[in-house]
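Taking it in order: structure first as structure tokens, then the write-up.
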Amino acid sequence: MLREHRRQQILESAKKVFAAKGYHATGVADIIKDCGIARGTFYLYFGSKRNVFETILDAFLELLKERIPRIDETVGIEGIKKQIHDNVTGVLSAYAENPDMARILLNEAVGLDKEFDRKLWDFYKDFLGLIEDALVLGQEMGIVRPLDTRIIAASIHGSMQEVVRRVLHGRFDMDLDQVVEEILAYNIRALFVPELVEAWDRL
């Protein structure tokens, strides 16, 4: 238990320092200083700064996966509406609950380190895959209109990033639920077949 607690301390310190200084400007010395441990202790848990970063990204992706469960198409339009609402809320709240993680993902520059770039792009590819899978499922269910799922998944991801950025900086004078409602109102009309939009509006 103590070992796992120490490992988690290192990860939390790394997130805080990465968010404040940026990945490339951060060294192991910065992480151990924030954590209050010796360099040797750090290397008992992680082999490098990159190893810590990869662990942080992997854990956050798993959290996002938990927040986007598969839609159950058997529950009717009202049930589907609630599930989609919960999924969007889950993703936004995951970023809101982890502001350091959000800043790392939104602010990191690529092009300085090939291995870093690869890990960051792998994260985005996996997250885009979650969105695309949801769109494909929606098409199979007959509720998402014909569209290129790759392009629209990238569009949704990009717009969500900008919303998260503005939420983090306090640019929206509304609570999270209002933000979710606006996102849904926009995307439902853009993505869903007309009959479903009409049924959605009647709820």
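The values are calculated or read from the model by the stated rules, or taken from the named source; none is laboratory data. Owing to the predicted nature of the structure, the values given are computational and were not obtained by experimental measurement. Glycine also receives a Cβ, built like all others from the backbone with ideal geometry; neighbour counts cover every protein chain displayed.
Within the range 177-188, the set of residues being surrounded by fewer than 14 Cβ atoms within 10 Å (Cβ to Cβ) and either aliphatic (A, V, I, L, M) or touching a Ser or Thr at 6+ places or on another chain (Cβ under 9 Å) (or both) comprises D177, A185, Y186. When we screen T89, T26 for residues that are at pLDDT below 95, polar (S, T, N, Q) and assigned to a helix (DSSP H, G or I), the only hit is T89.
Among the candidates L196, L184, the residue that is under 19 Å from the mean Cα position of the chain (by Cα) and in contact (Cβ under 8 Å) with a residue 24 or more places away in the chain is uniquely L184.
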